[in-house]
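Read the structure below first, then the notes.
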Amino acid sequence: MSNSPRILRKKTGNFLEDFRLGQVFRHKGGKTVTEGLFTTFTEFAMTTNPLAKNARYARAHGFEGLVCPPGLVMLVAFSQTVEDVSENARANLEYIDMRFGAPVYVGDTLEVETKVLGVRVSGSRPNLGIVHVQSTARKNVGAADEAVVATWQRKVQVYKQDPTAKVDEGEVEPDEVACSLWLPPYDAARDYRSLAHLSNRDTYYEDLEPGTRIEHSRGRTMTSEHIHLTAILDNTSQVHCNQFMIDLDPKQYVGGELIIFGGIPFVLCLGLSCPDVGDNALGDLLYRTGRHTAPLFAGDTVFAATEILGKRELPGRPDVGVVDTRLLGHKFVRAEGEKHEDAPEGWKKLAIFELERALVVKRRSHYA
Amino acid sequence: MSNSPRILRKKTGNFLEDFRLGQVFRHKGGKTVTEGLFTTFTEFAMTTNPLAKNARYARAHGFEGLVCPPGLVMLVAFSQTVEDVSENARANLEYIDMRFGAPVYVGDTLEVETKVLGVRVSGSRPNLGIVHVQSTARKNVGAADEAVVATWQRKVQVYKQDPTAKVDEGEVEPDEVACSLWLPPYDAARDYRSLAHLSNRDTYYEDLEPGTRIEHSRGRTMTSEHIHLTAILDNTSQVHCNQFMIDLDPKQYVGGELIIFGGIPFVLCLGLSCPDVGDNALGDLLYRTGRHTAPLFAGDTVFAATEILGKRELPGRPDVGVVDTRLLGHKFVRAEGEKHEDAPEGWKKLAIFELERALVVKRRSHYA
Amino acid sequence: MSNSPRILRKKTGNFLEDFRLGQVFRHKGGKTVTEGLFTTFTEFAMTTNPLAKNARYARAHGFEGLVCPPGLVMLVAFSQTVEDVSENARANLEYIDMRFGAPVYVGDTLEVETKVLGVRVSGSRPNLGIVHVQSTARKNVGAADEAVVATWQRKVQVYKQDPTAKVDEGEVEPDEVACSLWLPPYDAARDYRSLAHLSNRDTYYEDLEPGTRIEHSRGRTMTSEHIHLTAILDNTSQVHCNQFMIDLDPKQYVGGELIIFGGIPFVLCLGLSCPDVGDNALGDLLYRTGRHTAPLFAGDTVFAATEILGKRELPGRPDVGVVDTRLLGHKFVRAEGEKHEDAPEGWKKLAIFELERALVVKRRSHYA
């Protein structure tokens, strides 16, 4: 090769000025859920729902086998959108109307599309703006069991590359996407009760009382494992895995260090809450809205709490009910010499995540 | 939700005063062995026995496919018992009469039951006591191939929650549990010799001499990976994964830092010993007794040795024999200025684990 | 056991004086590729080629399912040779004529043989020498689909154990090994274009221009995860996983700390280059030569670049072409007060890896 090759540096991901209102991305890659991926993320998140751990239990409930928990579906599907939507993002601002559809099993292949619903330049920081998108994940495209498995909107804060570039500002309507939670039919002939010892006894629909806040008892310390986990998900955002980039200009980045991909605390909070509210869920119906309120770094310990907001019937399904909750994640940070009501002396509680979450929960009357 | 919700903090796990003599726990969850779990733990432990690595070799020996090594069966089954038995434990004191039964393959689902055999309050530390339990793991409950895969007793040091609570002290007899190692039949028509190059040449029954102590040559440094590994196993004990809890009161915890789950050094010692004693084993027959003698922390390097205690026939199986061994794990700790016979200058050898272990080992006369 | 057992310390691996010219090792173990192994290493390396991620895409191209990327085949096959060839190595010097054959799928079992082609004592360091070997990996030995999946030569710097021992110096000819890349037949009736959105649009044969150098935009920071990754591969070399050994005599080891197994930066560079040159490859044809030029340690961030050296027809296959490249890996090290042309101020670029690599790449004319 000659001494002076032509140098190419390809741009990865889109900057604010690259987005077009109404534009649709058919994301690259796609991802087949292997048993390796399934185990890594189901167990990492400390999920306790036996549907995701015990194939006998899952089949006895009418599923084909181990069921991907909603957090895993979200992680895999969401990550497919990162390169096109948020590789050049500063932060993910909000999740909106995230709904789940068909169950995802080991061996299913997920592919995702995203439509640009809105673009807006920041008033105060002209090198930034907000992109609003709607994404839909399908499994097994072209096969007999092709189905929508999840759809959601999100708003993300994206950098401009060229401060002078024109931006296609505006907002368009989201598409109507048919996506509602598939539930196995209730069959009174099945002996559900013989399996009842495998899930928690006190987390049926009847047990969850509106007006209570459950402080989930376990915590989980995150380590630099997050770099590996994020790579496994195909999340290519450099703020999660490129320490050199951070070292060059720490002040440019949130916290001045590698930030943990938001999907990690998202599913970890779901997992930490599982023994208290999710153990007898047949699925998650809807995440109405959610957001990260503080970043997470290696070394932080994640805790979670759930507020039970309300309960309601699910039409046509007397065996289950819908529980509306707010899932809250937090960590503690040092606050030498300070006293805070909800933290040990010398520490301060810091909210990191919140999610309005509706679950479909089995009734004891029908299952135990 | 109102500003003053009712706060719930659920208790997780049992404290000393919660255990009832003769009580039986049917543990929650259960766990299907995926290829993800299989690979993570088989390879992590540096197992070299081809039965767990090479499906062609395993099938040629009469197994259905890759065989879960005993350490993996133990890790999965044991972890199922943690929430009920040892989530509030200070330390695991002793393993007793651990026996293996049917082989465990990828796709098998394990479920575990535990009976409380004994409860005793500590004389010197009234906030602690000892719980003695017997656990049995079955695979594929309700299916044609349902079988016991392992049974064991253990003694564990558990905290009291309420120092004034009454404790149901006493001891009851263990159950008789039919659990003996399944071995594939020896078939002289099979060409075992064509596979002999795939395992070590000098670890047949004929090679292992009572009265020798084999210092296994490899060491393995543990990192903070242990937090992730422990979570993957569903082990919910907070002393392994909640750094914040430790930071609040380090003196309350062994070593003042996150302690590595005992199952990790257990299987790591099995793995480190494998090339020298386990490469030609068809299975582990019995762990008569075992205990952790010092804690393991991230950064420590684990070494192991095996003493060959004796050899004996296995009735009806002239192709194999039983080798009785003592497996010993150790690490080195800094000892500035000190000289110890069995350690480099400035270091001290610290025993961390011991296990009386009987293996069923192939005879060269029949296999090579 | 008596107080004075006979102590055995088995030698692991071979030292320089143990190698015999022309000797053939049939390596122990063998390894079945599970979904756990597949996911861990495919995703760790940030591979973006959908053949390794999306089973629908892979089958539509004529493969049986997800295809192991060449880096994974190399890691698994290479690691099988470590105990016999390089457990006592100081460094791996060179990869030569590495060719790939049949595709490797999940469930395939790889077994490897190695022939000793050359042995030479170092002139300047008599406790070291160079061993030259040729290794060949087969899948599913004895089954209908038995096939060679890879073959390669390498030169490795190995310690002598006994400085006075005689060494069997010399060089013999390599074997002719039939191993050429299997490609699925091109079938004009297939609707390849309907899948074209799943891979990068600008990495077809037509897009890759000789005389260009592509600086791949992403970096990946390695952590102590490398210890776990190396163990999962059965790589038993202690310089990757035994911190205690390093602590005893740091000056004896490259860099004075645990060195990352060379296979890790090898596949990581392949992965980092994938979105720019590998996304539309059907396979890697040949690695003519490759070498590690500096060690990698935990905390380093790996970057890569690819020089396009040339392009050529592949006889009989007008749908693809061969692209000859040079893959270059580098990291940055602190250089306080220094200015270097190709690095930010205060840093110096350090080449860590180079590989002459020929890929078989799809033509847009036939696939998109």
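Listing for the model above:
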quantity	calculated
Scan of region B:271-303 for residues that are assigned to a strand (DSSP E or B) and more than 13 Å from the chain's Cα centre (by Cα), ordered by number	B:281, B:282, B:283, B:285, B:301, B:302, B:303
Flag if residue C:74 is more than 14 Å from chain B (Cβ to nearest Cβ) and modelled with pLDDT of 95 or more	yes
Residue identified as over 18 Å from the mean Cα position of the chain (by Cα), open to solvent by less than 30 Å² (accessible area, probe 1.4 Å) and within 14 Å of chain C (Cβ to nearest Cβ) among A:66, A:51	A:66
Selection count where residues are at pLDDT 90 or above, open to solvent by less than 30 Å² (accessible area, probe 1.4 Å) and part of a helix (DSSP H, G or I), scope region A:238-247	3
Filter pass, residue B:111 being under 23 Å from the mean Cα position of the chain (by Cα) and farther than 30 Å from residue C:4 by Cβ	yes
Every residue from region B:1-25 that is in a loop (DSSP other than H, G, I, E, B) and open to solvent by less than 20 Å² (accessible area, probe 1.4 Å)	B:13, B:19
Index of the failed condition, residue C:26 passing every other in (1) in contact with a Lys or Arg (Cβ under 9 Å, 6 or more places away or on another chain); (2) at the interface with chain B (Cβ under 7 Å from one of its Cβ atoms)	(1)
Subset of region A:311-336 (residues that are crowded, with 18+ Cβ neighbours inside 10 Å, within 27 Å of residue A:299 (Cα to Cα) and of a type outside the set (D, E, K, R))	A:327, A:328, A:329, A:330, A:332
Hits in region B:26-37 - residues which are out of contact with any Phe, Trp or Tyr (no Cβ under 9 Å at 6 or more places or on another chain) and either open to solvent by 20 Å² or more (accessible area, probe 1.4 Å) or assigned to a helix (DSSP H, G or I) (or both)	B:26, B:28, B:37
The lone exception for residue A:187 - which of (1) modelled with pLDDT of 95 or more; (2) in contact with a Pro (Cβ under 9 Å, 6 or more places away or on another chain) it fails	(2)
Check on residue C:138, under 24 Å from residue C:53 (Cα atoms) and within 14 Å of chain A (Cβ to nearest Cβ)	no
Region C:167-181, residues that are out of contact with any Gly (no Cβ under 6 Å at 6 or more places or on another chain) and in contact (Cβ under 8 Å) with a residue 12 or more places away in the chain	C:167, C:168, C:169, C:170, C:173, C:174, C:175, C:177, C:178, C:180
Answer from B:151, B:236, B:164, B:223 - the residue that is within 9 Å of chain C (Cβ to nearest Cβ) and either without any contact (Cβ under 8 Å) to a residue 40 or more places away in the chain or among the β-branched types (Val, Ile, Thr) (or both)	B:223
Subset of region B:324-357 (residues that are farther than 18 Å from residue B:96 by Cα and small (Gly, Ala, Ser))	B:335, B:337, B:343, B:346, B:351
Of residues in region C:130-185 being open to solvent by less than 30 Å² (accessible area, probe 1.4 Å) and hydroxyl-bearing (Ser, Thr, Tyr), the one nearest to residue C:58 (Cα to Cα)	C:151
Qualifying residue in region A:91-110 (condition: within 14 Å of chain B (Cβ to nearest Cβ), touching a helix residue (DSSP H, G or I) at 6+ places or on another chain (Cβ under 6 Å) and either buried (at least 18 other Cβ atoms within 10 Å of the Cβ) or on the phi > 0 side of the Ramachandran plot (or both))	yes
Residues located in region C:304-317, provided they are charged (D, E, K, R) and either in a helix (DSSP H, G or I) or away from chain A (no Cβ under 14 Å) (or both)	C:312, C:313, C:317
Residue C:40 open to solvent by 20 Å² or more (accessible area, probe 1.4 Å), within 10 Å of chain B (Cβ to nearest Cβ) and not in a helix (DSSP H, G or I)	no
Residue in region C:224-237 that is nearest to residue A:234 (Cα to Cα), counting only those that are open to solvent by 20 Å² or more (accessible area, probe 1.4 Å) and touching a helix residue (DSSP H, G or I) at 6+ places or on another chain (Cβ under 7 Å)	C:225
Among (1) in contact with a Pro (Cβ under 9 Å, 6 or more places away or on another chain); (2) modelled with pLDDT under 95 - the single one residue B:8 does not satisfy	(1)
Residues that are open to solvent by 60 Å² or more (accessible area, probe 1.4 Å) and more than 18 Å from residue C:293 (Cα to Cα), drawn from region C:342-361	C:345
Failed item, numbered, when residue A:173 is tested on (1) within 14 Å of chain C (Cβ to nearest Cβ); (2) part of a loop (DSSP other than H, G, I, E, B)	(1)
Subset of region C:31-68 (residues that are touching a residue at least 40 places away in the same chain (Cβ under 8 Å) and of a type in the set (Gly, Ala, Ser))	C:45, C:60, C:62, C:65
Unique residue being open to solvent by 30 Å² or more (accessible area, probe 1.4 Å) and either more than 23 Å from residue A:292 (Cβ to Cβ) or at the interface with chain C (Cβ under 10 Å from one of its Cβ atoms) (or both) when the list is A:250, A:210	A:210
Candidates B:156, B:167 - the one that is closer than 28 Å to residue B:83 by Cα, in contact with a helix residue (DSSP H, G or I) (Cβ under 6 Å, 6 or more places away or on another chain) and assigned to a loop (DSSP other than H, G, I, E, B)	B:167
Matching entry among C:290, C:255, C:262, C:278 (being more than 14 Å from chain B (Cβ to nearest Cβ), at positive phi and touching a residue at least 40 places away in the same chain (Cβ under 8 Å))	C:255
Test for residue C:339: is it assigned to a strand (DSSP E or B) and either open to solvent by 10 Å² or more (accessible area, probe 1.4 Å) or hydrophobic (A, V, I, L, M, F, W, C) (or both)	no
Residue satisfying all of: in region C:84-131; assigned to a strand (DSSP E or B) and among the small types (Gly, Ala, Ser); modelled with the lowest pLDDT among these	C:91
Unique match (being surrounded by 17 or more Cβ atoms within 10 Å (Cβ to Cβ) and in contact with an Asp or Glu (Cβ under 9 Å, 6 or more places away or on another chain)) among A:306, A:293	A:306
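The values are calculated or read from the model by the stated rules, or taken from the named source; none is laboratory data. The model shown is predicted, which means the values in this text are computed figures rather than measured ones. Cβ: placed from backbone, ideal geometry, glycine included. Neighbour counts: every protein chain shown. The accessibility values were calculated without ligands, DNA or RNA, using every heavy atom of the protein model including side chains. Shrake-Rupley method; radii C 1.70, N 1.55, O 1.52, S 1.80 Å.
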